[in-house]
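Data block below; observations after.
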Amino acid sequence: MSPSHTRTAPTTTLAVDYREPTVDDGTRLWEIASDSKVLDVNSSYAYVLWCHDFATTSIVAEVDGRPVGFVTGYRRQNDPSTLMVWQVAVDDDARGHGVAGTMLHQLFDRANKQGMVAMHTTISPDNVASQRLFASVAKARGLRFERRDLFPANTFPDSHEPEDLYMLEPEIPEP
């Protein structure tokens, strides 16, 4: 691991507020995604539309009134008991403070109240940090954590990595 990828424990605690996004957050979410240098960045319009149409299944983390992170998600049409997480992003300055995990937990708590008991996401094979994040959320919530192949690289028209499906689901009781 190169020095640029190592993190030290935070020396300060951030005062983070978590809430549903509003249309006014769309531009800032686009900036956070773009600044991440790792996410597939959608159009600015997509983030504004997401904040309008999928606010109840998404979350924003803010510090001093400024968004520093977000999770976008939606209820799966073919399985309304599942929250599909589209993107998770946290500003560089807010990383290492547990913001991503807290957003996922708070969003999943809200989704549970709407009848969603499972969380799915796609992660490329090289994104070990995201794999670990979702594994830790699954473990903390007592959920089964499973990976399946979903989209091979040749599905995409560009040099996109494959995307694997990660499922955080309730344990199936044995008969």
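The values are calculated or read from the model by the stated rules, or taken from the named source; none is laboratory data. Just so it is clear, the structure is predicted and the values come from calculations on it, not from any experiment. Glycine also receives a Cβ, built like all others from the backbone with ideal geometry; neighbour counts cover every protein chain displayed.
Inside region 12-61, residues that are closer than 22 Å to Leu83 by Cα and not in a helix (DSSP H, G or I) make up a count of 15. Scanning region 133-153 for residues that are aliphatic (A, V, I, L, M) and touching a Lys or Arg at 6+ places or on another chain (Cβ under 9 Å) yields a single hit, Ala138. What number of residues in region 125-159 are closer than 17 Å to Leu39 by Cα, surrounded by 14 or more Cβ atoms within 10 Å (Cβ to Cβ) and over 13 Å from the mean Cα position of the chain (by Cα)? Count: 1.
Exactly one residue out of Ala111, Ala100 is surrounded by 13 or more Cβ atoms within 10 Å (Cβ to Cβ), touching a residue at least 24 places away in the same chain (Cβ under 8 Å) and over 13 Å from the mean Cα position of the chain (by Cα): that is Ala111.
Among the residues of region 160-175 satisfying the criterion of being aliphatic (A, V, I, L, M) and surrounded by 12 or more Cβ atoms within 10 Å (Cβ to Cβ), which is nearest to Val137 (Cα to Cα)? Give the steps one after another, and end with the answer.
Initially, region 160-175 is screened for residues aliphatic (A, V, I, L, M), giving 165, 167-168, 172.
Restricting the remaining residues to those that are surrounded by 12 or more Cβ atoms within 10 Å (Cβ to Cβ) gives 165, 167-168.
Numbers: Leu165: 15, Met167: 11, Leu168: 8 Å.
Selected residue: Leu168.
Between Leu14, Leu49, which is at pLDDT below 90, within 28 Å of Lys113 (Cα to Cα) and over 17 Å from the mean Cα position of the chain (by Cα)? Within the list Leu14, Leu49, the selection yields Leu14.
In the set Asp91, Asp53, only one residue is exposed (fewer than 15 other Cβ atoms within 10 Å of the Cβ) and charged (D, E, K, R); that residue is Asp53.
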